[in-house]
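A.B. asks: After the structure tokens below, expect a handful of questions from me.
The values are calculated or read from the model by the stated rules, or taken from the named source; none is laboratory data. All of these numbers come straight from a predicted model, not from anything done at the bench. As a convention, Cβ positions derive from the backbone with ideal geometry for all residues, glycine included, and neighbour counts pool all protein chains shown. Side chains included, ligands, DNA and RNA excluded: accessible areas come from the protein's heavy atoms. Shrake-Rupley method; radii C 1.70, N 1.55, O 1.52, S 1.80 Å.
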Protein chains: 2
Amino acid sequence: MSHVVYHCLMAVDRDHVLRSAAALLTRKSTATMDEVAKAAGISRATLHRQFAGRDALVRALESLGIQECEAALDAARLDDGTAQEAVRRLVKELEAAAGLLAFLYTENQLFEGEEQNEGWARLDARMAALFRRGQESGEFRIDLTPAWLTEALYGLMASGAWAVTEGRVAAKDFHYMIVELLLGGALRREES
Amino acid sequence: MSHVVYHCLMAVDRDHVLRSAAALLTRKSTATMDEVAKAAGISRATLHRQFAGRDALVRALESLGIQECEAALDAARLDDGTAQEAVRRLVKELEAAAGLLAFLYTENQLFEGEEQNEGWARLDARMAALFRRGQESGEFRIDLTPAWLTEALYGLMASGAWAVTEGRVAAKDFHYMIVELLLGGALRREES
DNA sequence: ATTCGATGAGACAAAGATGTCTCACGTGGT
DNA sequence: ACCACGTGAGACATCTTTGTCTCATCGAAT
């Protein structure tokens, strides 16, 4: 009964392929399956064996992104302390997934008519709830809707990720710049 | 000498095609030449007669976007009044071009190795100069670099444009939400 | 040593997009 | 009425990407 013995570490390989694909597609969202395979250090045949096609690959990346986001949301303990502190923790936890998020953020408009992965709705709801909590506690302004703040967080994460890859901002400043702009804005607080 | 008489309004048609293409590609950045042609109400043959190929079309859209941005920068009179007022005027002037900007913002990473249109560098420099002026006048924080503020402005414009097209935020709130978040952030100003 | 399974390399057809071409039509100017 | 020019429709070859296939090879377990 040798068929019960799993010789290779398929799960690990699959994860490595996804990471490589995410890294490549973040930089070049139109990369071909061949390029993705080369980036992962495998052949196109093997890539096709693990992911039925490009669509399946993108879907898998979407699931990975959602999974990482949810892990980040969990790790950030959104209900603890002030909403401001929670937002800071959240951005810190999301930093590692920023590149993947940036890719998915622009790719999602591709899934126009088709069914959206329900995971995004869950994530949006949790983030919006955080911003709403901040509004109800008096920390956040009430004239910016939680939906817009959520959207802005995604957008700033994507902008930051691209700016870092293109060298326009330093990678070490990523977290600080996003959090400070999102929470405090460009104006000096001692203003007026 | 009838060849000196221009029967048709090619310039107008070309502009109309560009507008249609911009509107379509903002929603679906992978639209084919056929779809672009249909969206503009012309045949693919005519589209090819006006733009040598897809590349030429995107380049023309890039030029259009740069042109509209520069017009917006001029109209916003970045050197008048406080930097804050100038930023508000700038976002207002840029609103009409937000969709096109969002498309080009994500498409620009396509032009990786190739030469970037120098227009972007000019625009970036002018915007960064505005933010720098605000920093030197004491209006803006100095811990957020002008380059990052410029990048964030692009990102928020793109996020806002997509959020509007997908109905997540109201179109009438576009300008307000971007300006308020960029300048003031999410925190209430009476804080601490 | 042998066997099993995964891999890499490459061939192959199918599908989609692109670019070029021809031709017929209609409209406006002569 | 005639002509010139732009246009739409479609055929066509080409290119790229994709998805599937076969086959040889390598490694590990037996």
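A.B. asks: Residue check: is A:Ser63 within 16 Å of DNA strand C (Cβ to nearest atom) and open to solvent by 50 Å² or more (accessible area, probe 1.4 Å)?
C.D. replies: Taking the combined requirement at face value, the residue does not satisfy it.
A.B. asks: So, B:Glu95, is that one at pLDDT 95 or above and charged (D, E, K, R) or not?
C.D. replies: Numbers: at pLDDT 95 or above: yes; charged (D, E, K, R): yes.
Here the answer is yes, as B:Glu95 does meet what is asked.
A.B. asks: Could you look through the range A:40-59, keep only residues that are touching a Lys or Arg at 6+ places or on another chain (Cβ under 9 Å) and either in contact (Cβ under 8 Å) with a residue 60 or more places away in the chain or not in a loop (DSSP other than H, G, I, E, B) (or both), and pick out the one that is farthest from A:Leu104 (Cα to Cα)?
C.D. replies: A:Arg44
A.B. asks: Another question, then. Given the condition open to solvent by less than 10 Å² (accessible area, probe 1.4 Å) and either in contact (Cβ under 8 Å) with a residue 60 or more places away in the chain or assigned by TED's automatic domain parsing to the domain that holds B:Gln67 (or both), answer yes or no: does some residue in the range B:163-170 qualify?
C.D. replies: Quick first cut of the range B:163-170, residues open to solvent by less than 10 Å² (accessible area, probe 1.4 Å) only: B:163.
Those still in the list that are either in contact (Cβ under 8 Å) with a residue 60 or more places away in the chain or assigned by TED's automatic domain parsing to the domain that holds B:Gln67 (or both) too: B:163.
Scanning the range B:163-170, I find at least one residue that is open to solvent by less than 10 Å² (accessible area, probe 1.4 Å) and either in contact (Cβ under 8 Å) with a residue 60 or more places away in the chain or assigned by TED's automatic domain parsing to the domain that holds B:Gln67 (or both), so the answer is yes.
A.B. asks: Test A:Leu25 against the stated conditions and say whether it is more than 14 Å from chain B (Cβ to nearest Cβ) and either open to solvent by less than 20 Å² (accessible area, probe 1.4 Å) or more than 16 Å from DNA strand D (Cβ to nearest atom) (or both).
C.D. replies: Answer is no for this residue.
A.B. asks: While we're looking at this one, here's another question. For the range B:66-83, how many residues meet the condition of being within 14 Å of chain A (Cβ to nearest Cβ) and surrounded by 18 or more Cβ atoms within 10 Å (Cβ to Cβ)? Reasoning before the result, please.
C.D. replies: At the first step, the residues of the range B:66-83 found to be within 14 Å of chain A (Cβ to nearest Cβ) are B:82-83.
From what's left, surrounded by 18 or more Cβ atoms within 10 Å (Cβ to Cβ): B:83.
Count: 1.
Each row is one residue, and each column tells you yes or no for (1) within 30 Å of B:Met33 (Cα to Cα); (2) in a helix (DSSP H, G or I); (3) within 14 Å of chain A (Cβ to nearest Cβ).
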| residue | (1), (2), (3) |
| --- | --- |
| B:Leu61 | yes, yes, no |
| B:Ala98 | yes, yes, yes |
| B:Ala102 | yes, yes, yes |
| B:Gly119 | yes, yes, no |
| B:Arg126 | no, yes, no |
| B:Arg132 | no, yes, yes |
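A.B. asks: Return the residues of the range B:25-58 that are more than 12 Å from DNA strand C (Cβ to nearest atom) and over 24 Å from B:Gln116 (Cβ atoms); say none if nothing qualifies.
C.D. replies: B:Arg27, B:Ala39, B:Ala40, B:Gly41, B:Ile42 - these are the residues of the range B:25-58 that are more than 12 Å from DNA strand C (Cβ to nearest atom) and over 24 Å from B:Gln116 (Cβ atoms).
A.B. asks: Would you pick out the residues in the range B:150-184 that are more than 7 Å from chain A (Cβ to nearest Cβ) and part of a loop (DSSP other than H, G, I, E, B)?
C.D. replies: Answer for the range B:150-184, where residues must be more than 7 Å from chain A (Cβ to nearest Cβ) and part of a loop (DSSP other than H, G, I, E, B): B:Glu166, B:Gly167, B:Ala170.
A.B. asks: If you don't mind, another one. Checking the structure you have, find out if any residue of the range B:84-96 is without any contact (Cβ under 8 Å) to a residue 40 or more places away in the chain and either open to solvent by less than 10 Å² (accessible area, probe 1.4 Å) or not charged (D, E, K, R) (or both).
C.D. replies: yes
A.B. asks: Across the range B:28-58, which residue is farthest from B:Ala161 (Cα to Cα) among those that are open to solvent by less than 50 Å² (accessible area, probe 1.4 Å) and more than 14 Å from DNA strand D (Cβ to nearest atom)?
C.D. replies: Among those that are open to solvent by less than 50 Å² (accessible area, probe 1.4 Å) and more than 14 Å from DNA strand D (Cβ to nearest atom), it is B:Ala56.
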